[in-house]
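These notes concern the structure reproduced below.
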Amino acid sequence: MRIYEDYSDEPEVIFRPLSDALHSRLYAVEMADFADDFGFYRAHLPAVGDVLEVACGACRIGRALASCDRRVTGIDISLPMLRQAREAEGPNCRLAAMDMRQLAFRTRFDAVIIAYNSLNLLVAPDDIHACLAGCRAALKDHGRLLLQLFVPGQQLLRQPGRKIFQFQIFDDPQFGRIVKEILRTYDPELHVLSLEERYRLRPASGDGAANEDFARQMRLRAWPADEWLAVLAGSGFSVSRSFGDYDLSPFFSGTGSILLVTADRI
């Protein structure tokens, strides 16, 4: 047994790269019970018609919104995510592999959803414009676009350039205890959020499995709300409503990090 002098001698934790396949499984566990955003989409989607969910992931929202009168098509570029979605695919909900920057449909939709900060994943402005142009082309005349966007809130704005740490813990029969650590750094000049997600897997004692640590790094486009609204207007959309939380309270710039938007094709 090795005795350490102090914590500075503690062995460095090594985080292995998080594969797309493992991330899709962990994401499904993390989001399994999350439904806070359903109310926004149900309140602003047409009750009847065809809905496109862009970057649908495991199709959590699409399955909840599909009904006998509302048909949902979900697209995603991640094959592991789509495989996860197909395991629980329901009626009136179909899936396809497609890049959100290159939407290509022969039919047109009554509404398009880009949920849970997925548009932020397109860091390059040209890619964001391409996605929005594809959404507009996929919509019927006066069709509706529903978005959840990440915007920098008070915590990031007050600490530009500093790394902000958060974590959450959830349990799963397969993985045991999962500790997810999130490290965020905001660059106010570039309007880019650097994000590191760490997953520490701690199997239940007695099953013989070893602890494992995984991580992945991402960059997100983190424009303030007025910039997002200007981009939408320049992409052929008229913004009708914006909210600052899932309870549909009004959005106030510089407070929270959630921006929910309803916009109509013009």
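We did not get these values from a lab; they are worked out from the coordinates using the rules stated. Keep in mind it's a predicted model, so treat the numbers as computed, not measured. In this analysis, Cβ positions are derived from the backbone assuming ideal geometry, glycine residues included, and neighbour counts consider all displayed protein chains.
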query = Which distance in Å, rounded to a whole number, links the C-alpha centroids of region 15-90 and region 208-266?
reply = 17
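Which net charge results for the neighbourhood of residue 19, defined as the other residues with beta-carbon distances under 10 angstrom from its beta-carbon, given Lys and Arg at +1 and Asp and Glu at -1?
On the way: positive: 16, 25, 216; negative: 20.
Net local charge, residue 19 excluded: +2.
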query = What is the helix-to-structure angle for 20-31, meaning the angle in degrees between its Cα long axis and the longest Cα principal axis of the chain, kept from 0 to 90 and rounded to the nearest 10?
reply = 80
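Can you pull the semi-axes for region 153-221, root of five times each eigenvalue of the Cα gyration tensor, sorted largest first, whole Å?
Details: eigenvalues 200, 23, 13 Å².
Those come to 32, 11, 8 Å.
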note = Around residue 79 (Cβ within 11 Å, Cβ-to-Cβ, excluding residue 79; K/R +1, D/E -1) the net charge comes to 0
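Beyond 33 Å, what share of the Cα-Cα pairs of the chain remains, rounded to the nearest whole percent? Let's see the in-between values first.
Numbers: 8598 of 35245 pairs.
Pairs farther apart than 33 Å: 24 percent.
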request  = Output the direction-averaged projected area (hull surface divided by four) of the convex hull of the alpha-carbon atoms of region 159-266, in nm².
outcome  = 9.4
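Considering the convex hull of the alpha carbon atoms of region 106-157, report its projected area averaged over all viewing directions, in nm², one decimal.
Working: hull surface 17.7 nm².
The directionally averaged projection comes out at 4.4 nm².
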ask   = Against the longest principal axis of the chain, how steep is helix 125-138, in degrees 0 to 90 to the nearest 10, with axes from Cα atoms?
value = 50
Degrees, to the nearest 10: 225-234 long Cα axis against longest axis of the chain = 40
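Test of understanding: ordering 61, 14 by Cβ neighbours within 10 Å, fewest first, what list do you get? Please report the intermediate quantities before stating the final value.
Values: 61 26, 14 7.
Result, fewest neighbours first: 14, 61.
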query = Who wins for biggest fluctuation among 255, 107, 73 in a Gaussian network model of the chain, springs between alpha carbons below 10 Å?
reply = 107
task = Kindly provide log₁₀ I(q)/I(0) values, in the same order as q = 0.21 Å⁻¹, from the Debye equation applied to equal alpha-carbon scatterers of region 47-133.
result = -0.98
query = What range in the chain is the longest one free of chymotrypsin sites (Phe, Trp or Tyr not before Pro) that are in a loop by DSSP and have at most 11 other Cβ atoms within 10 angstrom?
reply = 35-251
ask   = For the residue pair residue 246 and residue 88, what label-to-label distance in nm results when each label sits 7 Å from Cα along the Cα-to-beta-carbon direction?
value = 1.4
